[in-house]
Amino acid sequence: MATIGAVTRQIAALEISAKKPAATTASSSSNPVRPGHSKQPSQEKVTKLLTKFAAPVNPNHPPSSKLAPSSSSLRNQTNQAQAHTSNEAPKKASPVPTHQPIDIGRYDGGLEKENEERGEKVYGDAASELALDSSVARRYPTREWNLHSFDIGRPLGKGKFGRVYMVRTKSEPKYILALKTLYKSEIVQSRVEKQIRREIEIQQNLRHPNVLRLYGYFHDEKRIFLMLEFAGKGELYKQLSKHGSFSEKRSARYIDQMADALSYLHSKHVIHRDIKPENLLLGINGELKVADFGWSVHAPGNRRKTMCGTLDYLPPEMVEQKEHNERVDHWALGVLTYEFLIGNPPFEDRDSVNNTYRRIASVDLRFPITCRPTLEISLPGYLLKHEPQDRLPLSEVMKHPWIVKYRPKGQIRPSQLGM
Ligand code: AMP
C-alpha cells in the first residue's frame, strides 16, 4: 500500500518547487463576484490547484485531464525540492509505488445521520451570505463539486459546526483531502456568518507549506463543505498533551516553521490572532500547519480593537483593550515557545482569570527553578515584551542561535526561496 507519507512528501515538494506567487487577497480581486462574496476562484482553478497540490492515489498514472502534471515531472520536482522541505537531512525521495490505493478508513455514515438530526435550511440574506461555492460555471462548462464527488473515509474530528472526514475524489486522479462540514443554521445562530466567510476568503488565497491549504468549497441546502489539505498527523495539541512538553529540538523546529508561516501571513497583511496549539495541525512528515483562520483578519494598514483570541495567549494590548497589529502574533509565538518547552503557558493561573490578565499586563514571566538559564529560554523573553514594537522581528527569530542550532543542515526556509 502506498504510504500517505510518501505521497505527502511529494505534495510538500511540489508546494515548494511550484514557487507560485501567492494569489491576491480577496479584497483586491477584480473577479466577477456574487453578491456580498468577494473573490471566488473558478472551478477550473480549483481543479488546477488540486492537480498541483493535493495527493493523488497514483501519481505514476496521471489522469487523462490535460491539467495534470506528468508523472516524471512529479518525481523530478520531488527530488529537487526534498532537501528544502524535509525536516531531516536531504535524502533521495522514494517514488510512490504504482497501483496502490491509499486507505482512507471506514466511513461511519455520520454525514447522513447528522444531516437528518442537525441543522436547518436557512433563508433570506443568511442563505445568500452562506451560498459559498468556489465553482463559477459561467462562460465555460466546468465540473461542480458536491458530496457525491468523494468517497468518504474515516472521521478525523468534530468541530463546533460539524464533522471533518478523510475523503478521496472519485474522479481520477484520486486526491486525498479533509472535508470539513459546517451547518449553516448553526453559523447563523452563533452570528458568525461574516467570520466564516472571512476565514474562507483568507485561507483560499494562502499558499505556504506551513499553512493549511483550502482547495475549494461548495454548499448544499444545510451545509457548507470545505475541501482542506489533509493533515496526516492530526492535532499538535494532542502531541503536546501526550508528551507534556517537547524536546528543545522539536520545539525549535516548530517555532522555526511557525515564524516562517507568520512572516508569510504578515507579508499578505493577514494577522492570525489566535495562534495556540489547538489551532495547529501536523502534516504526515510532522511538519507544522497553521489552521483555523476564524479569528484572523485581513487588515492592510489597519489597527484593530476587537478583543479576541484565547486567554493564555492574549497579549497585553488586547488585555488592556488597546489597538493591536500583527505583533500580537509575535507575542503568541513567545507564549507558544514557552509552552512547548515548559509544558504550560507562561501566564496561566488556573484559579483566577483576573490573575492571568494581571500577569499578562505586567509581563510576569517566570521560569521554573529547574530551568537552566540557557539559550532556548531567551527566545520567549525577546518575544514577550509589553510594547509590541519591542518584540523580536520574525526574521530575527529565524536567525536566533537556538533556532539555527536545531535547523536541519542544508534546509532553506520557504521565505528564503521568496515564498
Ligand atoms: P475543526 O472543526 O477545524 O476544529 O476540526 C475538528 C477536528 O478535525 C480537528 O481538531 C482535527 O482533529 C480534525 N481536522 C480538522 N481539519 C483537519 C485536516 N485538514 N486534516 C486532518 N484533520 C483535521
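Worth pointing out:
- Screening region 149-261 for helices (runs of 4 or more DSSP H) wholly inside it with 3 or more residues that are within 14 Å of the ligand (Cβ to nearest atom) returns the ranges 193-204, 236-243.
- Sole exception among (1) touching a Lys or Arg at 6+ places or on another chain (Cβ under 9 Å); (2) more than 18 Å from F150 (Cβ to Cβ); (3) in the same structural domain as R168 (by TED's automatic domain parsing) for I224, by number: (2)
- Residue check for I196: over 24 Å from I284 (Cα atoms) and touching a residue at least 12 places away in the same chain (Cβ under 8 Å): yes
- Of all the residues in region 236-265, those that are in contact (Cβ under 8 Å) with a residue 60 or more places away in the chain and in contact with a helix residue (DSSP H, G or I) (Cβ under 7 Å, 6 or more places away or on another chain) number 17.
- Listing of helices (runs of 4 or more DSSP H) fully contained in region 340-418 that carry 3 or more residues being in contact with a Phe, Trp or Tyr (Cβ under 9 Å, 6 or more places away or on another chain), at negative phi and surrounded by 12 or more Cβ atoms within 10 Å (Cβ to Cβ): 353-361, 375-383
- Residue that is among the hydroxyl-bearing types (S, T, Y), surrounded by 18 or more Cβ atoms within 10 Å (Cβ to Cβ) and farther than 30 Å from S263 by Cα, where the choices are Y175, Y183, Y123, Y215: Y183
- Within region 261-282, being more than 24 Å from L311 (Cβ to Cβ) and crowded, with 24+ Cβ neighbours inside 10 Å holds for no residue.
The values are calculated or read from the model by the stated rules, or taken from the named source; none is laboratory data. As the structure is a computational prediction, the values presented were derived from the model and not from experiment. Neighbour counts run over all protein chains shown; Cβ positions are idealised from the backbone, glycine included.
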